[in-house]
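Everything below concerns the one structure shown next.
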Amino acid sequence: MSVDDNKSQEEIIGKTVEGSITNITNFGAFVSIEGNEEGLVHISEIANEFISDISDFVSVGDKVKVKVLARNQKKKLELSIKKADGISEKAPTKKVEKKEKTKPKNFGFEDKLTSFLKRSEERQIDIRRNLKNKQGLSKRKNK
C-alpha cells in the first residue's frame, strides 16, 4: 500500500457516503461503498431504538446513506446509518412501512399455521423458563 492509498483511506473517515447493503447478519449489515470497499453497520448503529429483527429496517440491495466512523484493526470500515444526516428520523418509519407490507389482509392457511406455531413455541419457552426458575428456588429453600 502506498502513501497515497493511506491518505485517501483516511480522508473518507468522518464523511457521509451512499452505499448498498450486500449482506445481513444477526449482528449487523454489510454495506458496499465507493472504491470497492465494504464495511459493517453494527445493529446498534442502524436506528435509535431497540432492534430485535434487523430485516425490519434494512434489506439486501437497499441504498443507504452511512457515516464512516473508523477503520478497525483489520482495515475494515465501521459504519453508522443513524449518525448519517437525516437518517435517524427515517429508520422508525421504515419499520412501520415494512410491517404493513409483510402482513397480507387475508391470511392463508399456511400463514395462520406458521403464526400459531411461532406463538406456541414462544409460550412453551416462557413456561419452561418459569418452571426452571420456580424449581431452582424451591431446591435452594430445601437445602
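Taking the residues in the range 2-44 that are charged (D, E, K, R) and surrounded by 14 or more Cβ atoms within 10 Å (Cβ to Cβ) as candidates, determine which candidate is modelled with the highest pLDDT.
Just the residues of the range 2-44 that are charged (D, E, K, R), to begin with: 4-5, 7, 10-11, 15, 18, 34, 37-38.
With the extra rule that they be surrounded by 14 or more Cβ atoms within 10 Å (Cβ to Cβ), the set shrinks to 37-38.
Values: GLU37: 84, GLU38: 87.
This residue is GLU38.
Of everything in the range 48-69 that's modelled with pLDDT of 85 or more and of a type in the set (Gly, Ala, Ser), which residue is nearest to GLY28 (Cα to Cα)?
Result: SER59.
The values are calculated or read from the model by the stated rules, or taken from the named source; none is laboratory data. Quantities reported herein were computed from a predicted structural model and do not represent experimental measurements. Note: ideal-geometry Cβ built from the backbone for every residue, glycine included; neighbour counts use all protein chains shown.
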